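Accompanying notes for the structure given below.
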Amino acid sequence: MKEQTKDIGFSKVYQKIKSLGAKDICEIKTGNRRAIVFTSDNGRVYRVTTRAKMRGTWQTSITYGEVCCENKNEDEYWVFVDISSDDSDFYVVPMWWMKNDIAYHHEKYLNGHDGRRPNNVFSKHHAIAKKRIVQWENKWQQIGL
């Protein structure tokens, strides 16, 4: 069976975190969601959720969108990985920022379509383009790596 994009991405992020010196790395599974939990050199424990893509945009759900305050002590991050080449690009995004970004862009999208999705009002799909997260490329230091 061919390995899925999300599994390849998860493995690449796991290996990258390991190569950067994380300790006590483990995979946490809740339902069909997986996360990487580890201790960094600064002694803090971080939880990382991964998003992977081969081309186009990263895919997620509007259910993650939420207006919230900046969290300077964030311990949850999303790591986006582009697996289209052997030399993958990683984007390390704080959870509080990602929630705000999804909420902002979804609201902007709805405002451009009379307040509703044009094709399927029940859809939860949300696409994330690279230009939205490029500022977070290789920002491993924020998770102590």
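The values are calculated or read from the model by the stated rules, or taken from the named source; none is laboratory data. Values in this document were obtained by computation on a predicted structure and should not be read as measured data. Here Cβ is always computed from backbone atoms with ideal geometry, including for glycine, and neighbour counts include all displayed protein chains. With ligands, DNA and RNA removed, areas are computed over all heavy atoms of the protein, side chains included. Shrake-Rupley method; radii C 1.70, N 1.55, O 1.52, S 1.80 Å.
A few notes on this one:
- Among the residues listed as 106, 113, the single one being open to solvent by less than 40 Å² (accessible area, probe 1.4 Å) and over 23 Å from residue 17 (Cα atoms): 106
- Residue check, residue 46 farther than 15 Å from residue 99 by Cβ, touching a strand residue (DSSP E or B) at 6+ places or on another chain (Cβ under 7 Å), in contact (Cβ under 8 Å) with a residue 24 or more places away in the chain and not in a helix (DSSP H, G or I): yes
- Candidates in the stretch 1-29 are the residues that are assigned to a loop (DSSP other than H, G, I, E, B) and of a type outside the set (A, V, I, L, M); of these, the one that is farthest from residue 39 (Cα to Cα) is 2.
- The residues of the stretch 116-145 that are open to solvent by 100 Å² or more (accessible area, probe 1.4 Å) and touching a Ser or Thr at 6+ places or on another chain (Cβ under 9 Å) amount to a single one, 124.
- Residue within the stretch 28-51 that is among the small types (Gly, Ala, Ser), closer than 16 Å to residue 137 by Cα, within 11 Å of the chain's Cα centre (by Cα) and open to solvent by less than 40 Å² (accessible area, probe 1.4 Å) present: no
- Any hit, the stretch 9-20, residues being over 14 Å from the mean Cα position of the chain (by Cα), over 16 Å from residue 89 (Cβ atoms) and at pLDDT below 95: no
- Residue 30 falls short on exactly one of the conditions (1) farther than 21 Å from residue 145 by Cβ; (2) hydroxyl-bearing (Ser, Thr, Tyr); (3) in contact (Cβ under 8 Å) with a residue 24 or more places away in the chain, and that condition is (3).
- Residue within the stretch 57-74 that is of a type in the set (S, T, N, Q), out of contact with any helix residue (DSSP H, G or I) (no Cβ under 9 Å at 6 or more places or on another chain) and in a strand (DSSP E or B) present: yes
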